[in-house]
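See below for the structure under consideration.
The values are calculated or read from the model by the stated rules, or taken from the named source; none is laboratory data. Just so it is clear, the structure is predicted and the values come from calculations on it, not from any experiment. FYI the Cβ positions are ideal-geometry reconstructions off the backbone, even for glycines, and counts take in every protein chain you see.
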Amino acid sequence: MRYAAPARTAVLEGGLQARPAALARFGHNVPLYDTLPYAAFGIPVGSAGAILLAYWLTFGAYGHAAFMVAISTVYFAVIIGTPWVLARLGEPMLRKRHGGHAAPALHDFLRGEIATRTGPMSGWSAMIQVTLIPVGLACTTIGICLAIVAAR
């Protein structure tokens, strides 16, 4: 949900108000969201897809290994599919809370902040926290698979 506070104004002697004062980069006028954009979920899903692709390309030629990768692919589909279905079921509620939008756009989210239990956090910090581990695991897995292929 977007929240916007009125701009700060400087009050001069006699009750006169000057034009709005300059705000800090992450001041109180920055939009505050209570949900992540869809891209925040797409990046970890893409990372998991890259891991599965690396496994299929590395181990798919061997029957016993291909069977295990196939089972992992089914688990991947269930793990990703369940939240996707639940998100689609809850989309009308999100649209009601966010004024017609299910989630903020990525560029708006990165310029704003997200409300957390311990206080607001910048959009960039939230995206880094959500995507760092999956992208790191994908890069590491691809590197290990390249090493296995090179060692054959």
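Odds and ends about this structure:
- Candidate set: segment 128-152, residues that are within 14 Å of Ser47 (Cα to Cα) and in contact with a Phe, Trp or Tyr (Cβ under 9 Å, 6 or more places away or on another chain); chosen: the one modelled with the highest pLDDT: Thr141
- In summary, Lys96 fulfils each of the numbered conditions (1) surrounded by 14 or more Cβ atoms within 10 Å (Cβ to Cβ); (2) farther than 18 Å from Phe41 by Cβ with the single exception of condition (1).
- Enumerated helices (runs of 4 or more DSSP H) restricted to segment 82-152, each holding at least 1 residues that are of a type in the set (D, E, K, R) and more than 14 Å from Thr35 (Cβ to Cβ): 106-111
- The one condition in (1) touching a residue at least 40 places away in the same chain (Cβ under 8 Å); (2) surrounded by 15 or more Cβ atoms within 10 Å (Cβ to Cβ); (3) out of contact with any helix residue (DSSP H, G or I) (no Cβ under 6 Å at 6 or more places or on another chain) that Leu53 fails to fulfil: (1)
Conditions (1) at pLDDT 90 or above; (2) touching a helix residue (DSSP H, G or I) at 6+ places or on another chain (Cβ under 8 Å), marked per residue:
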| residue | (1), (2) |
| --- | --- |
| Arg19 | no, no |
| Arg25 | no, no |
| Leu36 | no, yes |
| Ala70 | yes, no |
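- Considering the conditions (1) among the hydroxyl-bearing types (Ser, Thr, Tyr); (2) in a helix (DSSP H, G or I); (3) modelled with pLDDT under 80, Tyr3 is excluded by exactly one of them, (2).
- Residue selected from segment 102-121 under the condition in contact with a Lys or Arg (Cβ under 9 Å, 6 or more places away or on another chain) and buried (at least 17 other Cβ atoms within 10 Å of the Cβ), by the criterion modelled with the highest pLDDT: Gly112
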